[in-house]
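S.K.: This is the structure I want to talk about, given as structure tokens.
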Amino acid sequence: MADKAPQTPPKYVYDVTLSTGPFREPNAPAISYDFFINRKGWLIPRVMRVFVEIQDELDLFQRTILGVSGGSPGQQIKLMQMLTRKIADQKVKMVLDEDRIEKSTEVLIQGFSGNDGYLFPKLEEWMWAVKEQVREEIKTQVGL
């Protein structure tokens, strides 16, 4: 008789769409986005709200890793929206890899400094990996 090895759960293919955002959170130093997450077999999409912490995540990416500052107020707004959206998109991917959306119809992703602190090194690693690509996008889209 053959031994049965433990089966790994199947990896799902998700359809992720931005619903709304960015929002300035009134009681937290964060920007948030709402995403709809859907996959084959679900009747309705599930919702994920993702927070991007301004000090711990955005400032790290913008100032420390990219070294970008200055510009007109309009350029600063475009830059903030571009970078927070990129961070939010990456955080969605990281959380979907953990299959959290399979356990709940609504998921709230706080900053990666609290309970999800173990994910912060992965987020920072991603920031360093996309550094040059994002710099080019900033030059062409924002003009800095």
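A quick yes/no check of all residues on (1) of a type outside the set (D, E, K, R); (2) modelled with pLDDT of 95 or more; (3) under 12 Å from the mean Cα position of the chain (by Cα):
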site	(1), (2), (3)
Arg46	no, no, no
Lys103	no, no, no
Asn115	yes, no, no
Ala129	yes, yes, no
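S.K.: Which of the residues belonging to region 98-113 are of a type outside the set (Ser, Thr, Tyr) and more than 14 Å from Val50 (Cβ to Cβ)?
M.R.: Asp99, Glu102, Lys103
S.K.: Still on this structure: Looking at Glu132, Glu102, which is the one that is farther than 18 Å from Thr20 by Cα and loosely packed, with under 11 Cβ neighbours inside 10 Å?
M.R.: Step by step, each of Glu132, Glu102 is checked, and only Glu132 is farther than 18 Å from Thr20 by Cα and loosely packed, with under 11 Cβ neighbours inside 10 Å.
S.K.: Here is a follow-up. Among the residues of region 29-53 satisfying the criterion of being in contact with a strand residue (DSSP E or B) (Cβ under 7 Å, 6 or more places away or on another chain) and not in a strand (DSSP E or B), which is surrounded by the most Cβ atoms within 10 Å (Cβ to Cβ)?
M.R.: Looking at residues that are in contact with a strand residue (DSSP E or B) (Cβ under 7 Å, 6 or more places away or on another chain) and not in a strand (DSSP E or B), I get Pro45.
S.K.: Hey, another quick one. Identify the single condition in (1) in contact (Cβ under 8 Å) with a residue 24 or more places away in the chain; (2) outside any strand (DSSP E or B); (3) under 23 Å from Gly143 (Cβ atoms); (4) not polar (S, T, N, Q) that Asp56 does not satisfy, given that it satisfies every other one.
M.R.: That leaves (3) as the condition not met.
S.K.: Looking at this structure, is Lys103 in contact (Cβ under 8 Å) with a residue 40 or more places away in the chain and of a type in the set (D, E, K, R)? Before the answer, list the steps.
M.R.: Details: in contact (Cβ under 8 Å) with a residue 40 or more places away in the chain: no; of a type in the set (D, E, K, R): yes.
So Lys103 fails the test.
S.K.: Right, something else. Filter region 62-111 down to the residues that are in a loop (DSSP other than H, G, I, E, B) and of a type in the set (Gly, Ala, Ser), then identify the one that is nearest to Glu136 (Cα to Cα). Full working, then the answer.
M.R.: Going residue by residue through region 62-111, those that are in a loop (DSSP other than H, G, I, E, B) are 66-72, 98-99, 103-105, 110-111.
Next, from what is left, pick out any that are of a type in the set (Gly, Ala, Ser): 67, 69-72, 104, 111.
Numbers: Gly67: 13, Ser69: 15, Gly70: 16, Gly71: 16, Ser72: 18, Ser104: 38, Gly111: 26 Å.
Only one residue fits best here, namely Gly67.
S.K.: Follow-up. I'm trying to understand the selection: among the residues of region 16-28, which are modelled with pLDDT of 90 or more and either surrounded by 13 or more Cβ atoms within 10 Å (Cβ to Cβ) or among the acidic types (Asp, Glu) (or both)?
M.R.: Val16, Pro22, Phe23
S.K.: Follow-up. Residue under question is Thr84, and the condition is that it be modelled with pLDDT under 90, touching a strand residue (DSSP E or B) at 6+ places or on another chain (Cβ under 6 Å) and among the polar types (S, T, N, Q); does it hold?
M.R.: No.
S.K.: Only one of these is over 20 Å from Gln110 (Cα atoms) and modelled with pLDDT under 90: Gly74, Gly41. Name it.
M.R.: Answer to the check: Gly41.
S.K.: Right, another one. Within the set of pairs 6 or more residues apart or between chains, which connect a residue that is more than 20 Å from Ala30 (Cβ to Cβ) inside region 68-84 to a residue that is surrounded by fewer than 15 Cβ atoms within 10 Å (Cβ to Cβ) and not charged (D, E, K, R) with Cβ atoms less than 7 Å apart?
M.R.: Gln75/Gly143
The values are calculated or read from the model by the stated rules, or taken from the named source; none is laboratory data. All of these numbers come straight from a predicted model, not from anything done at the bench. Heads up, the Cβs are rebuilt from the backbone with ideal geometry, glycines too, and the neighbour counts pull from every protein chain shown.
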